[in-house]
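The values are calculated or read from the model by the stated rules, or taken from the named source; none is laboratory data. Worth saying up front: this structure is predicted, and the values here are computed from it rather than measured. To get the accessible areas, we keep the full protein, side chains included, count just its heavy atoms, and leave off ligands, DNA and RNA. Shrake-Rupley method; radii C 1.70, N 1.55, O 1.52, S 1.80 Å.
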Amino acid sequence: MKKRDKTWRDRPKITPKFLDPCKSVTYRQVHIQQSPKKVLEVTNILKGISAKEALVQLRVLEKKVGPILYKFLRGCMLNAENIHGMNSDGFLIRECYVNREKYVRRLRFHSRAKLGIQHKKKVSVLVKSVEVPEIEGEHRLGRYGWTNKTWAAVNENLLGSESVEAEEIATPEENTTTYEPEVAEPVEVVEEPKK
């Protein structure tokens, strides 16, 4: 039998069984003033994709809740990096839930001294994220995302091909020069004679 070339189907896939032992974190954003149905439309996009891809999707999304979730997700990534010591390059959004909070009732004034009841809707969003380790010949990260290698190449191109070497960076001890302040010489004041 002829040996066939490897295709994307042969690459290792990121399945729920693979994700179970991975390090994960959970974050919650509360008091988002929006209807649960409208927020659910946006969170359905985020399920199962990498965090970087989710940030790109939220940036171009023309929904009111888009910028709110963008800030929240960006904060989640930074907290996971700084507090939990996770790598944000392999950050995958595993689950995303929308929970309805208590609706607040307010009066809505109609004409002819009549009143109606207005419901102020609020929701909370819960995001469960997983750090996926880098695998050799890995499958794409998330449902329709790029691999970690592709993201690394894009970041390298964005930052530019010219990289600064460690030797070129000046340390404070090497370039310490003392500046002596220049002292101004006293000026002779000539008084004009009085008439």
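Side notes on the structure shown:
- Taking amide H positions as modeled 1.01 Å from N, with prolines and chain starts lacking one, the residues under 5 Å from Ile49 and 5 or more places away or on another chain are Ile93, Arg143.
- Rounded to the nearest whole Hz, the Karplus-based 3J(HN,Hα) values (6.51 cos²θ - 1.76 cosθ + 1.60, θ = phi - 60°) of segment 33-46 follow the sequence 8, 6, 6, x, 5, 5, 6, 5, 4, 6, 5, 5, 5, 7, with x at glycine and proline.
- Pairs exceeding 30 Å between alpha-carbon atoms, taken from Lys64/Lys149; Lys64/Lys102; Lys63/Lys114; Lys47/Lys149; Lys17/Lys64: Lys64/Lys149; Lys63/Lys114; Lys17/Lys64.
- ³J(HN,Hα), Karplus 6.51/-1.76/1.60, whole Hz, each residue of segment 117-124, x for Gly, Pro: 9, 10, 9, 8, 8, 9, 9, 10
- Accessible-area composition of segment 52-134, carbon plus sulfur, in percent [1.4 Å probe]: 49 percent
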